[in-house]
Amino acid sequence: MEQTVTVIEGVESTTTPEVTPASDQSAKAQPEGTEKQAIIEDLQPYTKEEIEEIVETKGVLDKRRMTPDQQALHQTFESYWTPRYQEASRIMKKAEEMLAKAQPEKEEPYFKNEDQNRVFTNEFLPNPEGFLDNISYAVTQAELVPPKVDDDGNYNKEYVQARQNIAYWMGIKDKFMLKREEVKENKRIAETVKVELGDQAKLLEAFAVASGFTAKEFRVRPEIRSLVKRQFDLATSAKTADTKEIKPTAQKLSTPGGVSGVRSQSPDSMTTSEFIRKRNEESAKRR
């Protein structure tokens, strides 16, 4: 290898040409794409244990490592669930808009009659026993009014009025007692929904209404709450999941058809639209 010698003011120096290391030269000479090809060749099909672990940890499958059978299964899953993710996501957006615009709920009156509603709310509910005692006393007093009959066979006005009062008070007593049981049941249902759904209760109710149910149906029917919660979970997943790479979960999901190819008609296997259609058909039969 040539070397040059230069003398500068009596100082002898030697310079050696820069030489590229052999390893670098060989790396540069490597054909393009070889490294990428090597990585792809290292990708082996999933083992059964690996898939079980991905399902358990809710991981994401790499399509490059799927066997043809696995890819076919994944595509079937994708074609069935992607529209449902999209539908649920649309309903979720509508529910959030409804909740954002919602005003504080105005309590509905217990009775259409203003006087009855006022008495029930202000006098009966705070002290049912005391109110019923007052009715019993009033009925007893009214029963003491003696009947008198005139020459034409008509009862005296005092007696007639007393009997009318007794009928009215007994009717109010029965009506108020039934309404109190309804109030207690609604309170129990509200507490059940709150415990069952927690902080999501209001949003899920709005989601149910956006799906076509009524608020009352959502509150009193557990199977509707279950269906709405399932659709809500789909909508929540749709916000973060890439529909081209559906995340598998450990939950057993319903399939498009069983052995016979006919979908199960249990509420858990229905879409919201299917459930509502069935509900409407049942309502029509009862009419």
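Do any of Lys173/Lys229; Lys93/Lys216; Lys93/Lys187 go past 31 Å between their Cα atoms, and which? Mind showing how you got there, number by number?
Numbers: Lys173/Lys229 40 Å; Lys93/Lys216 21 Å; Lys93/Lys187 29 Å.
Correct reply: Lys173/Lys229.
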Problem set entry | Given charges at beta-carbon only (K, R positive; D, E negative), |dipole| of region 125-210 in Debye | 240 debye
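Arrange Lys173, Lys112 by Cβ neighbour counts within 10 Å, fewest through most, would you?
Details: Lys173 16, Lys112 8.
The fewest-first ordering by Cβ neighbours comes to Lys112, Lys173.
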Seminar exercise, completed: Glu182 and Lys229 label points (each 7 Å along its Cα→Cβ direction) are spaced in nm at 2.8 nm
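Multiplying the sequence separation of Thr67 and Thr82 by 0.36 nm and subtracting their Cα-Cα distance, what value in nm do you get? Show your work: numbers first, answer last.
Working: separation 15, 0.36 × 15 = 5.40 nm, distance 2.15 nm.
My answer for the length gained is 3.2 nm.
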Exercise. How do Val60, Val193, Val145 rank when sorted from fewest to most other Cβ atoms within 10 Å of their own Cβ?
Worked result: Val60, Val145, Val193
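Read-outs: derived from the displayed coordinates by stated rules, not from any lab. These figures come from a predicted structure and were not determined experimentally. Note: ideal-geometry Cβ built from the backbone for every residue, glycine included; neighbour counts use all protein chains shown.
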